Amino acid sequence: AVIVAPPESAFLDRWLRSYESFDPTQWAYHSVRLPMDLSRAHPDEVRVLPHDAFFWPMWDDTALRRLLLYRDYDFARNYAVHLWSQAASGYVLSVWSPTFVHGLPSTLNCRMRAFLPPPSAAAGMADPT
């Protein structure tokens, strides 16, 4: 998940204090359920966004193809993108490199190019393969 908050956020401080009773066999309680319960109990301390702000597109074949292979996904509602690495590894994650990102004009690659050197410089970078 993604959290954007100012330093010493009341909500994050409250959530962090709850970890004093953390049970590693029940990680989903502290990591998923408790923050939602806290957000409902203290709605003035947090703003919960819809799942598609961070976890979209989903991990199904059609969605991953739109994100990783084709160029037809609209990021207008996204604040971040979850890459679903286990589900997506069969597509391109195992071959991603600066050269690959510049070479395949997929939706995600086109976004990532802004954070990479230009193709001529990227070509000289070692590929991790």
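Each row is one residue, and each column tells you yes or no for (1) at pLDDT 85 or above; (2) surrounded by fewer than 16 Cβ atoms within 10 Å (Cβ to Cβ); (3) in a loop (DSSP other than H, G, I, E, B).
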{"position": "Leu67", "(1), (2), (3)": "no, no, no"}
{"position": "Tyr70", "(1), (2), (3)": "yes, yes, yes"}
{"position": "Tyr73", "(1), (2), (3)": "no, no, yes"}
{"position": "Ala76", "(1), (2), (3)": "no, yes, yes"}
{"position": "His82", "(1), (2), (3)": "no, no, yes"}
{"position": "Gln86", "(1), (2), (3)": "no, yes, no"}
{"position": "Ser94", "(1), (2), (3)": "no, yes, no"}
{"position": "Val101", "(1), (2), (3)": "yes, no, no"}
{"position": "Pro105", "(1), (2), (3)": "yes, yes, yes"}
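Taking first residues from region 40-54 that are among the hydrophobic types (A, V, I, L, M, F, W, C) and partners that are open to solvent by 100 Å² or more (accessible area, probe 1.4 Å), the Cβ contacts under 9 Å between residues at least 6 apart in sequence or on separate chains come to Val48/Arg40; Leu49/Tyr79; Ala53/Arg77; Ala53/Tyr79; Phe54/Ala1; Phe54/Tyr79. Residues of region 33-50 include at least one that is over 30 Å from Ala76 (Cβ atoms), surrounded by 11 or more Cβ atoms within 10 Å (Cβ to Cβ) and touching a helix residue (DSSP H, G or I) at 6+ places or on another chain (Cβ under 8 Å).
The values are calculated or read from the model by the stated rules, or taken from the named source; none is laboratory data. Small disclaimer: the values here were computed from a predicted structure and weren't measured. Methodologically, a virtual Cβ is constructed for each residue, glycine included, from the backbone with ideal geometry; neighbour enumeration extends over all protein chains shown. In case anyone asks, the SASA skips ligands and DNA or RNA and just uses the protein heavy atoms, side chains included. Shrake-Rupley method; radii C 1.70, N 1.55, O 1.52, S 1.80 Å.
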